[in-house]
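Worksheet: the structure to be examined is printed underneath.
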Amino acid sequence: MDSRNWLYDVFPSFSGEDVRITFLSHFLKELDRKLINVFKDNEIERSHSIAPALEMAIRTSRIAVVVFSPKYASSSWCLDELVEIVRCKEELGQLVLPIFYGLDPSHVRKQTGKFGEGFAKTCKVKTKAVKIRWQQALTVVANLLGYHSQNFNNEAKMIEVIVNDLLGKLNFTPSKDFEECVGIEDHIAEMSFLLDLESEEVRMVGIWGPSGIGKTTIARALFSRLSRRFQCSVFTDRRFISKIMEGYRGANPDDYNMKLSLQRHFLSEILGTRHTQIDHLGAVENRLKHQKVLIFIDDLDDQVVLDALAGQAHWFGSGSRIIVVTKDRHFLRAHGIDHIYEVCLPSEDRALEILCRSAFRKNSPREGFEKLAVEVTRHAGSLPLGLTVLGSTLRGRDKAYWMDMLSTLQNGVGEKIEKTLKISYDGLDREEDKVIYRHIACLFNGEKIPYIKLLLEDRNLGVHVGIENLVDKSLIYIRSDTVEMHSLLQKIGRKIVREQSIDEPGNREFLVDSDDICDVLSENSGTKKVLGISLDMEKIHDELQVHECAFKRMSNLRFLKFYTFGKEDRLRLHESFDYLPSKLRLLCWDKYPMRCMPSKFCPQNLVILEMNNSNLENLWEGVSPLGHLKKIDLWGSKNLKEIPDLSKATSLEKLDLKGCSSLVELPSSISKLNKLTELNMPACTNLETLPTGMNLESLNRLNLKGCTRLRTFPDISRNISELILDETSITEIPSNLHLENLTMFSLEGIKSEKLWERVQPLAPLMTMLSPSLTILSLSDIPSLVELPSSFQNLHRLTNLSITRCKNLEILPTDINLPSLIRLIFSGCLRLRSFPDISRNVLDLILSQTGIEEIPWWVEDFSRLKYLFMESCPKLKYVSISTLRNLEMVDFSYCGALTGAGMIGYPRGEAMRADNIEIELLVPEDASSSLPDNFVPRVKFRLINCFDLDLEALLQQQSVFEQLILSCEEMSSYFTHKATGASTSLTVPLLQSSLSRQIFRLRACTVVVFDPIPTLGSVCVYIKVNCRFKDEHGNYFESAYHQENITAYKKGSHMFIFNYCFPLNEENSHLAKLNCDHVDIQLQFPSNVPCKLNEWGIRLMEDFSSLENQLSSLSNDEHNIATETEDGDECEVQGCFSFANLFFAICQW
């Protein structure tokens, strides 16, 4: 229900003769007790027609309660009231609740029994029109869900149930105190589930989250809505408790008198008495054990206080709810509270809305501030408190002020925000937890838990316990085993470290600021206090010349990270640079400039070595003590010629040499690495051999893709599960190869044809493969004509890819692979058909094959999402009308294709679209409506299918997200058109179009691309912004982002898209729209190799009557406004809703 200003909560409609002194009197008394504002007609004089005052009372009541009794229809007054109630239901969204008291609902619906007799008498002196109006009203209300007195054993219970239902309906409408709180309804919905208010059990629930995330706001909103449901209610917070405890500062935390004082003040609050006297600690239980109470305790982390106020659930009466709000999850668990609501950060869109509500007093940025608002939101880290404080600071400020604020945010946070966030850090009991917090803030935010434990395990910090404590205090959160810290909390942690030595950064624990690091390294001002350095080398302004002795004074340095994602190397080392601290556990140095590691570096404590894209030719000479080393990553070190002796690296688990193109061989010592699990060597183009006897018992992944000179490989681990030999030159597969545990095997693009000389080239391979294999990739097997029937043994296979086997013609017809979900046979030019291998397939790729038609049984692929059959020259017709889960289809360059049966919508069949379960009905024609909440998601590509009947395709009962064709002229299907020179269209709307959950239109553009870059493509990014204007003239925006569309060949392309704008209950302001036009504006840049010829739209809602109206009008009558390239726009009459359609075209 909308948030209009209702004068009354409830309007009761009843027959006084039947119920006034019985049911109604008790009902009204209970409504009064619950503080429900009821209209009472005692002072209105009854007459033959409904009084204006009574009509006004009905129209200004949130809920109409209609008490049908045997004599209700004997009163024309009651029947006139009912007609007005139905009118308000339809026009104003008023809720109507029928109560059938002493009669059956069918008597009302059909006007039978004593009810019908009374109705007939009343109608005798009325016109037929009045009678019909009354009958319709009776039928409408009698068909609503309500209450029947015969279903209750006693009247008191019936009244209690009805009043609670009314409370729920009334409290669904947010109070004005919280109507500005973005996303509050989502939080309340989640909490309602945990509270389970229908249950009679006493339940304690926790609200948990970091400071500033909105816990108190959620609690206050809940209290506002729920308090009237309970006999007693109280909201108490830290300030209330602190005031009571002021006189007990020096007392024992478990002091009896302090607890007694807490309970006394608490009972005074909840019972509404000024001075409650108690003499023992059982008073709370004694006073409240028979009361249904609602208790909120906000911002509490003191177990003694919670035990004193709400020690046990049995202290309170049935149906009571106790909600505790805290930053400490362990505090809740220690009290036995298992129902905990974690308040998470809002989404990016919601965060932006929070900022805009505070800064602009509306849900979207002011014109010209869009990018600034997004940037401020990003730097504020989506924390509601930070967004609100920043928004209020920025309110009414100009762009220059916003830019200054952005600069400030990059360096720190405001004092108010900092003070709030630092509370949790200061409240950590263990000093070790504070140490771990600072490590994460400076070095390990976004890292996996095992990674952090590995690097800190020598410090005796109790990392496992510490991480749990930080999570409980809401200082970090864990997602997919990854530690994540909010950006504002990270800034707080880094500020704590900075304040260890403000003027001398070399005396801090960690160095993370690029300017500070550059000063310390160039001036040799580091000290033994420095434990870690993390430098983003992109932030080095000019060039950093590292002092030759820069690390000698930092003897305790344990973590060194120099990282970059750019191409330019701005860090320089002196030729005499020869020292790194021996305590280093993490050495991560991208683009390391020297040919060898420092001669005096002893890596005895090193755990992780990462030197990506380095200039190294060798790591070090001789044998080094590497007992702690777990990982070596030398990815992209193109000059690396050899790997040193690794015989002492007995703990090494991963060796990554990807792209080390100068590497010729591996050392024989690698055979001693019994803990090595992963050897990654793709694109080692000069690698010729692997050591013999490399039977590594722990190895489970070996990747040799692109090792083009590798002709043989030795016996490897029996435990290997992933083997990738793509683009190698192996000449045979060893007969003694043990592949019984293999789950993934790829043998694509083999350079040597000798491997496939056999008549049945796959036969020996199939005998080696394990039945546990899940992924098999093969390609470029010229002698392969048919697949062996032994494929049926691979019953666990999920991915099968056989590509560029130009002579493959036959697939076995008796294969059933029930686990198969991805099937690829692209580039097999002679393959004309394929059997029913598996009906669980999600991805089916049959591009560049000789297939002539899609087999009928493909329509049973109920889970199929992706179907790619581009460049199939013999394909003539496709029918995919029953494939309900398709997301992308490509039949481009199928020159013989003449027709296509696309997705339809069978009656009564459930289909999932964007996580919404809907029931689909067959539209009667192309303009009929689809279900309100349906969002199309299928993308079709039909480029260069010149014989395809476009008109027939568009008129089908199908809905797609994107359709791409080769076409020079737009179809007449699009009812509103503009040439490329025009940049806006204004289209009339029916008001009913905005009463739906989703507003849809179909857009079309004809674009000519010329030329297409040699090694690139042209990408069209499309974004649609809708601006809706409400009854007060305020604008609200709704955005739908489209994926990019890519053109690979020059020529004329037609892009057709379905746009869906949500007009749902979440956007409550959209319910008040008052629009009669939609204005479509298009922007098209001129600096790209393409030209917009024409564009247009068609409305896709239930607008058949609108389309009929429009078809008889000329463009002038449409009020089509065009905007010239100079920016002049014609004045357009009416009230408008603006939708801006942006085309941004860029070259890849």
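FYI, it's all coordinate maths here, none of it is from the lab. Note that this is a predicted model, so its numbers are computed, not measured. A quick note on method: Cβ atoms are made from the backbone with ideal geometry, for glycine too, and the neighbour counts reach across all protein chains shown.
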Tail weight of P(r) past 13 Å, computed on alpha-carbon pairs of segment 348-411, percent: 53
Inter-site label distance for Asp426 and Lys399 at 7 Å from Cα along Cβ, in nm: 4.1
Computed over segment 646-691, Cα set: Rg, Dmax in Å: 10.7, 28
Proxy reagent accessibility, fewest Cβ within 10 Å first, across Phe510, Phe369: Phe369, Phe510
log₁₀ of I(q)/I(0) at q = 0.10 Å⁻¹ - segment 554-693, Debye sum with one point per alpha carbon: -0.31
Charged-residue dipole, Cβ positions (Lys, Arg, Asp, Glu), segment 176-342 about Cα centre, Debye nearest 20: 520
Paramagnetic reach from Ser392 in segment 328-354 [backbone N under 16 Å; point 7 Å along Cα→Cβ]: 354
Additional length obtainable on full extension of the chain from Ser819 to Glu55, 0.36 nm per residue less Cα span: 268.4 nm
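Could you list the square roots of 5 times each eigenvalue of the Cα gyration tensor of segment 176-342, that is, the equivalent ellipsoid semi-axes, sorted largest first and rounded to whole Å?
Values for segment 176-342, descending: 25, 18, 15 Å.
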Estimated dipole of segment 418-498 in Debye, rounded to 20 [Cβ of Lys and Arg +1, of Asp and Glu -1, Cα centre]: 440
Cα-only Debye scattering, segment 511-596: base-10 log of I(q)/I(0) at q = 0.10, 0.23, 0.27 Å⁻¹: -0.21, -1.28, -1.79
Virtual spin-label span in nm between Asn153 and Thr482, 7 Å along Cα→Cβ: 5.7
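Treating only the Cβ of Lys, Arg, Asp and Glu as charged (+1, +1, -1, -1), what charge dipole size does segment 8-171 show about its Cα centre? Round to the nearest 20 debye. Each step should come with its number before you reach the end.
Details: 22 positive and 19 negative charges, 103 e Å.
That gives segment 8-171 a dipole magnitude of about 500 debye.
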Ascending count of other beta-carbon atoms within 10 Å, so fewest first, for Trp589, Trp635, Trp856: Trp856, Trp635, Trp589
Burial order of peptide ranges 135-142, 117-124 (average beta-carbon count within 10 Å, highest first): 135-142, 117-124
Under-5 Å amide H pairs with Cys707, H placed in peptide plane, nonlocal only: Ala683, Cys684
Mean Cβ count within 10 Å, highest first, over the residues of peptides 600-611, 194-205: 600-611, 194-205
Ratio of Rg to Rh over segment 796-865 (Cα coordinates, Kirkwood Rh, two decimals): 0.93
Positive-end extreme of charge dipole, segment 8-171 - chosen from Phe27, Gly102, Phe11 (charges on Cβ): Gly102
Peptides ranked, highest mean first, by Cβ atoms within 10 Å: ranges 680-691, 794-805: 794-805, 680-691
Percentage, to the nearest whole number, of Cα pairs in segment 658-756 over 21 Å apart: 26
Extended-chain gain in nm, criterion 0.36 nm per residue less alpha-carbon gap, Asp536 and Cys596: 19.4 nm
Kirkwood Rh, Cα atoms: Rg over Rh of segment 401-498: 1.01
Contour excess over end-to-end distance, with Cα ends at Lys362 and Glu951 and 0.36 nm allotted per residue: 207.7 nm
Neighbour-count ranking [beta-carbon atoms within 10 angstrom, fewest first] of His738, His379: His738, His379
Cα centroid separation - segment 304-370 against segment 700-748, whole Å: 54
